[in-house]
Every structure is written in C-alpha cells, then in structure tokens.
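The values are calculated or read from the model by the stated rules, or taken from the named source; none is laboratory data. These figures come from a predicted structure and were not determined experimentally. A quick note on method: Cβ atoms are made from the backbone with ideal geometry, for glycine too, and the neighbour counts reach across all protein chains shown.
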There are 2 protein chains.
Amino acid sequence: MPSRPTIRDVAARAGVTDMTVSRVVNRSGPVSEGVRRRVEQAIEELGYVPSRLARGLRSKRTLTIALVVSDITNPFFTTIARGVEDAASDQELLVMVCNTDESEEEETRYLGMLAGQNVDGVLLVPAKGAENACALAERRRLPLVLLERRIPGNAHSLVHCDVRSGARRMMEHLLKLGHREFALLTSPIGLTTADDRVEGALEALKGTGGRATVFSERLNRETSGKAVERWMALNPRPTAIFALNNLLTIGALKALRARGFRVPQDVSLAGFDDLPEPLLENPFLTVVSQPSYEIGKAGFELLLAEIANPGFAHREVMLQPELVIRDSCGSPTVFE
Amino acid sequence: MPSRPTIRDVAARAGVTDMTVSRVVNRSGPVSEGVRRRVEQAIEELGYVPSRLARGLRSKRTLTIALVVSDITNPFFTTIARGVEDAASDQELLVMVCNTDESEEEETRYLGMLAGQNVDGVLLVPAKGAENACALAERRRLPLVLLERRIPGNAHSLVHCDVRSGARRMMEHLLKLGHREFALLTSPIGLTTADDRVEGALEALKGTGGRATVFSERLNRETSGKAVERWMALNPRPTAIFALNNLLTIGALKALRARGFRVPQDVSLAGFDDLPEPLLENPFLTVVSQPSYEIGKAGFELLLAEIANPGFAHREVMLQPELVIRDSCGSPTVFE
DNA sequence: TTGTAGGCGTTATCAT
DNA sequence: ATGATAACGCCTACAA
C-alpha cells in the first residue's frame with residue numbers, strides 16, 4: 001500500500017540523495033547528465049510530484065494567492081476572477097476564491113484563515129468596514145492588494161476603475177439626449193465606489209439645470225414595485241433613471257416593466273457594469289462598462305510586485321470605464 | 001522587524017511549551033484553566049495564526065480543495081462554484097478554482113500542481129479525454145469527484161444531472177405544442193453529457209412521427225449566419241430549435257434574430273441551462289434548467305466522504321433538471 | 001558534481 | 001496537566 005512517493009523515494013530509486021533530486025527538480029544546481037536521466041526516470045516511474053506544502057514551509061512561498069470577493073456569482077466579480085486566474089496561471093500560481101457576501105465578519109474570518117501563510121498574498125474586494133481585514137493582513141505581513149473599492153485612509157495598493165468619470169460621462173450623454181430630471185439608484189451599503197458613482201453623476205449636472213434625486217434601493221420581488229412608485233412620483237417626473245450597479249440595473253428594468261413603463265419609450269434607463277458578451281441575449285442596456293477582466297489582471301500584477309517587494313511603494317492603478325451606448329436610453333418624451 | 005509569530009513565540013510569551021499552545025489551539029488535550037487563559041492572551045497579543053502549511057505537513061490535511069472547471073465565467077460553472085464554496089466554507093475549508101478551457105493539457109497541468117498534496121481533494125468537471133487527469137489523481141491517491149460529466153469506464157464518484165431525461169421532457173413539451181420538425185444544436189467537442197442530451201432528445205421522438213436533425217455548432221459572429229441558413233434550409237423547415245447548452249442557446253437566439261427570424265413567432269427556441277434569476281433581464285427563454293448550485297454542494301459532500309474514507313464506495317448522485325417554460329416556444333406556424 | 005546537517009512550524013507519541 | 005522528542009518533505013548552507 002504505497003503512500004505518495006517523497007523526494008527520498010525518488011532518491012533511493014535513482015541511487016542518489018534527496019538533494020540531487022531536488023537539484024534536478026528545481027534546476028537549482030549542477031547535475032551530471034547521467035544522474036539527471038536516472039533521476040528523471042525515477043520521478044517518472046514513481047509518479048513523483050513535489051509537495052508544495054513542504055516546499056512552502058522552507059521557502060516561505062506557497063505559490064498560491066487568494067481572491068476575496070463579495071459574490072463570485074456576480075458577473076462583474078466572475079470576470080475579475082477569470083482575469084486573476086489567467087494571470088496567475090501563467091506564473092504557475094494557484095488561486096483560492098472566497099465569497100464574503102459583503103459581510104465584514106466573513107471577510108475577517110477568511111483573512112484569518114488565509115493569514116495562516118498558506119497564501120502568498122491576497123486580492124481583496126473590501127466590504128464596508130474592511131479595516132479589520134486590512135489590519136489583520138498588515139499584522140501578519142500578508143501582501144494585500146485592494147480591488148475595485150477604496151478604503152478611506154488605507155495605504156494598500158489598489159486597482160480600480162474611474163467610476164466617477166464613468167458616471168459623469170454617462171450623465172453627460174443623457175443630458176445631451178435632452179434629459180433634465182433624473183433618478184439615481186444606488187445601493188444602501190455605503191461603499192466608497194458607490195459614493196464615487198453618485199458624486200460623478202452629480203458633478204455632471206452642475207450648471208446644466210439638470211436635477212437628480214438619489215434613491216438607496218435594494219430591489220427584490222417585494223420591494224421593487226414600491227420603489228418604482230417612489231421614483232416616478234417625483235415631480236417633475238424623471239425622464240431618465242441611472243442605476244449605479246449591475247443588479248440594480250436589471251432590477252430596475254424588471255420593476256419598471258412590471259409596472260407598465262416601457263424602456264426607453266416611457267423612461268430611459270442607464271446602468272453600470274456589463275454582462276459578458278456571450279451571455280447577452282439581447283444587447284439592449286446602455287451602460288458604463290468596467291474593464292473587469294483587466295482589473296483582475298492588473299490586480300494580480302500589483303500583488304506579484306507586492307510579494308516580491310513587500311511594503312515597497314504602494315501603487316494605485318486606475319482604469320477607464322467605457323460608455324456602451326445601446327438602446328435603453330432615448331430622448332425624453334413628455335407625458336399626457 | 002518581527003516576522004510572523006510562530007507557536008513557539010506564543011509558548012515563550014505564555015511561559016509554556018509549544019505543545020501546550022498546540023493543545024489550546026486545537027483543543028486536542030487537557031489544559032488547565034489558568035494556562036489556557038495565558039496562552040489565549042499571548043495568542044491575542046501576538047496576533048498568532050497557526051501555519052496551515054506546517055499543520056498540513058504533519059497532519060496530511062490541508063483543509064483545502066480544488067474545483068477544476070472549463071470556464072468559471074460560464075454562469076453554469078459559476079453557480080456550481082458558489083455551491084462548492086458555500087459548503088466548503090461551512091467546514092472551514094478553502095477552495096481553489098482552476099479554468100481548463102476544455103483543454104486536456106491544462107487539465108493535466110492543474111492536476112499535477114494540485115497533486116503536490118496541498119489539496120485534500122479535487123472536484124473536476126472533466127474535459128474530453130480526462131483519463132490522464134484521473135490517472136494522475138489515482139496514482140497520487142488524490143481524492144477526486146467528477147462533476148457534471150461522466151468519463152466512460154471511469155470509477156470515480158460522480159455528481160451529475162439527468163440531462164437525458166431533461167432533454168426528453170423538453171422534446172415532449174415541444175411535441176405537445178405540435179412541433180414535428182426539429183433542429184438540435186450541440187457542441188462539436190464530444191462530451192458525454194452532450195451525447196446524453198442528444199440521445200434524450202431523440203428518444204422522445206420515437207413513434208411520434210417527429211424528426212430531428214443534429215447540428216454540431218460553434219457559434220460566433222462569423223459562423224452564426226451560415227449556421228442559421230443550414231438549420232432553416234432543412235426541408236421541411238424545422239419549427240423548433242433545441243440548443244443543448246447555454247452558450248448555444250444565446251448564440252442561436254442572436255443568430256436567428258440577426259437573420260430576421262422572430263422567436264417564437266417564426267421558430268420556437270428551447271435551451272439548456274438557465275441564467276441566475278437576478279441576471280435575467282427578461283425572463284424569456286424556455287429551458288431545461290440544471291440545479292447547478294446543488295451539483296456543487298452535493299459534489300462537495302461526496303468529496304468530503306471520499307477524503308474521510310479514500311476509495312471506499314464510489315457513489316453516483318444524479319439530480320433532476322427542471323423544465324422552465326417561458327416565452328420562447330409556441331405552437332408551430334406554417335409559412336408562405 | 002554530489003552529499004551532510006539542520007531547520008522551516010506543526011503535531012503524534014511517549015514520558016513525566 | 002505538561003513537556004521532550006521526533007518526524008512530516010523539502011531546501012539552504014556548507015562541506016567534500
């Protein structure tokens with residue numbers, strides 16, 4: 001009942017010591033041609049695979065990183081994950097994925113587990129109040145790069161997207177179409193990135209005579225009907241609705257339709273975050289699209305730098321979102 | 001410049017040996033109340049987190065598993081991943097995610113990395129020709145559970161979905177609507193699950209006078225126009241198209257529309273695999289929906305059993321898909 | 001070019 | 001209830 005072969009099993013079979021095998025495996029030293037061949041054959045015959053565990057214990061490198069997001073099921077994060085994994089895979093690194101559901105507690109729990117140095121670094125999309133998690137990483141000297149969301153007063157490296165400009169440009173687009181009355185939909189959890197979006201949108205209004213009302217919404221089957229009523233009860237009634245994240249966008253679309261409002265004939269609807277092209281059954285929604293795949297890739301690169309040079313220069317990468325103009329926004333129409 | 005504290009740092013600070021600390025941390029032995037408190041305080045003060053690496057090296061358990069899928073970006077796999085991660089998280093296990101893009105080579109590469117025993121087990125959605133990967137796992141005694149797709153003649157535990165019955169039931173539904181001429185769309189890579197779907201669909205036709213033509217398609221912007229022509233050139237022309245996976249379903253819908261065919265007025269379109277409800281902007285597609293979240297959860301449970309009892313009874317779990325009837329299929333209409 | 005010694009941070013086992 | 005010892009599998013440093 002042979003257990004998994006170790007480096008010493010290989011060594012024995014090849015008639016050398018474990019060090020020689022180690023040299024062959026890692027090309028970390030000179031080995032004569034004949035010995036190399038014998039060792040390689042032994043490795044082959046035994047099906048030897050070096051233990052990353054033991055290796056990590058010595059070298060302090062596990063060749064593994066973690067990606068902590070709120071919900072991998074959200075296509076925005078899914079695409080980030082794919083970007084991270086592709087980049088990591090190129091370097092023969094493995095990636096763990098953790099879902100926090102925006103819970104600070106889960107986040108802290110995960111960072112605790114990850115700090116058990118089974119991971120060389122962490123890519124974190126921080127939940128509200130991620131200070132705990134960051135402090136934990138700091139304490140354990142765990143390289144950490146933030147993704148997508150800032151933490152006020154935090155000095156970690158960060159990859160994010162210029163959502164403020166994205167929101168502003170979308171509003172400018174809507175203004176150009178002739179809209180002046182807006183409803184802005186944002187999520188009730190106070191994320192920096194959500195605030196940035198709101199601010200960007202409002203910025204665009206300055207000196208235009210446009211007006212926006214901000215609604216904090218969590219849309220689901222029960223709440224969405226009432227929400228639509230609130231938006232449309234505004235006086236004057238908004239001609240354009242700008243939903244500041246992807247779930248809100250879809251939620252708003254469904255809710256509006258359910259109440260008999262046609263988009264864009266009755267109201268324009270602009271959104272944030274796109275769905276991957278192959279999943280888009282009906283390219284329709286005009287959105288601010290964030291380069292999520294690139295966020296993942298860039299995050300990985302920064303993390304790699306951080307790992308190689310811990311606490312060196314904390315850097316910030318800001319990517320530009322893209323305005324994707326489709327069919328859900330038109331010129332305002334006047335009712336009755 | 002203190003490095004990460006080890007169990008011995010804690011021991012020193014608490015005035016005990018590392019073994020005592022170990023006992024406190026793992027509740028693995030008797031510790032007097034006072035000592036326990038001192039140790040706990042030292043742990044707190046130092047911010048000690050046990051090394052999973054060292055732990056794993058000793059105990060042969062890393063409390064980590066891997067999920068290997070073709071593409072995490074496909075919502076079907078994303079949801080599986082979420083199911084796995086939720087279940088794993090309950091047991092304080094971490095999950096690695098790997099994308100193979102259906103490449104046997106990538107799959108083998110990943111299994112090699114994972115076999116470096118930094119993982120207690122693997123959940124694999126096998127690509128075509130995953131025998132290599134399975135053999136590798138076998139050799140390294142790496143617990144492995146297959147997800148979603150069978151491998152002919154393979155003895156590993158398996159969680160999948162009764163796609164044959166799902167496809168059959170969908171066809172029965174279409175027959176009941178009056179359809180007799182079908183186009184079946186399947187992917188060109190020869191997956192067992194794809195074959196099962198085709199067979200299930202054809203089964204339903206027996207003795208009904210219905211007829212189906214099978215097309216192996218890879219739909220993209222270039223190919224899809226010609227593909228539509230092929231389907232619709234059938235004589236008699238199909239009144240219903242059944243796409244056997246989610247990408248084909250969306251692809252077919254877009255392609256048909258682009259060629260001016262309205263769904264369902266001109267052709268009915270049935271699909272496989274659903275999008276998560278919150279992402280469904282416009283619930284429209286009639287589909288066979290697989291319980292992907294549950295596949296993930298069940299897979300994890302099986303893997304846990306496998307880990308606890310390696311090579312015990314290889315089990316198979318088959319979940320039932322659900323017919324989701326929406327608006328993309330109607331009764332056949334006659335042209336010209 | 002190859003080998004020896006020792007330790008990375010834990011925990012199993014045996015001893016006190 | 002606590003401690004001493006060894007070992008998990010590998011690699012760094014040094015020696016031959």
Some residue of the range A:296-310 being in contact (Cβ under 8 Å) with a residue 24 or more places away in the chain, in the same structural domain as A:G209 (by TED's automatic domain parsing) and under 19 Å from the mean Cα position of the chain (by Cα): no
Count - residues of the range B:11-63 that are closer than 28 Å to B:Q117 by Cα and either within 14 Å of another protein chain (Cβ to nearest Cβ) or of a type in the set (G, A, S) (or both): 22
Residue in the range B:25-34 that is hydrophobic (A, V, I, L, M, F, W, C), assigned to a helix (DSSP H, G or I) and crowded, with 20+ Cβ neighbours inside 10 Å present: no
Pair list, Cβ < 8 Å and 6+ apart or interchain, from the range A:163-179 residues that are charged (D, E, K, R) to residues that are assigned to a helix (DSSP H, G or I): A:R164/A:D196; A:R164/A:R197; A:R164/A:E199; A:R164/A:G200; A:R164/A:E203; A:R168/A:G200; A:R168/A:A201; A:R168/A:E203
Failed criterion for A:I43 (all others in (1) within 26 Å of B:E106 (Cα to Cα); (2) under 37 Å from the mean Cα position of the chain (by Cα); (3) not in a loop (DSSP other than H, G, I, E, B) hold): (2)
Exclusive hit being within 27 Å of B:P321 (Cα to Cα), part of a strand (DSSP E or B), in contact (Cβ under 8 Å) with a residue 60 or more places away in the chain and under 18 Å from the mean Cα position of the chain (by Cα), set B:V84, B:V95, B:V159: B:V159
Subset tally (residues that are assigned to a loop (DSSP other than H, G, I, E, B) and more than 12 Å from chain A (Cβ to nearest Cβ)) for the range B:98-148: 9
Near pairs, Cβ below 8 angstrom, 6+ apart or cross-chain, from the range B:43-70 (farther than 23 Å from B:A308 by Cα) to any residue that is at pLDDT below 90 and among the hydrophobic types (A, V, I, L, M, F, W, C): B:G47/A:L136; B:V49/A:A115
Failed condition for A:P188, given (1) surrounded by fewer than 16 Cβ atoms within 10 Å (Cβ to Cβ); (2) assigned to a helix (DSSP H, G or I): (2)
Every residue from the range B:55-95 that is among the hydrophobic types (A, V, I, L, M, F, W, C), within 16 Å of DNA strand D (Cβ to nearest atom) and out of contact with any helix residue (DSSP H, G or I) (no Cβ under 6 Å at 6 or more places or on another chain): B:L63
Count of the range A:51-75 residues which are under 18 Å from A:R27 (Cα atoms) and within 13 Å of DNA strand C (Cβ to nearest atom): 8
A:R139 being of a type in the set (K, R) and at pLDDT below 95: yes
Test: residue in the range A:29-39 that is closer than 27 Å to A:A308 by Cβ and within 7 Å of DNA strand C (Cβ to nearest atom): yes
Among the candidates B:P188, B:P152, residue that is at pLDDT below 90, away from chain A (no Cβ under 13 Å) and away from DNA strand D (no atom under 16 Å from the Cβ): B:P152
Selection status of A:D71, at pLDDT 90 or above and over 23 Å from A:R139 (Cβ atoms): yes
Residue in the range A:241-252 that is over 24 Å from A:T192 (Cα atoms) and either within 14 Å of chain B (Cβ to nearest Cβ) or hydrophobic (A, V, I, L, M, F, W, C) (or both) present: no
Qualifying strands (runs of 3 or more DSSP E) (wholly inside the range A:227-336; at least 1 residues being buried (at least 23 other Cβ atoms within 10 Å of the Cβ) and of a type outside the set (V, I, T)): A:240-243, A:268-272
Some residue of the range A:95-102 being of a type outside the set (G, A, S), modelled with pLDDT under 90, more than 16 Å from DNA strand C (Cβ to nearest atom) and at negative phi: no
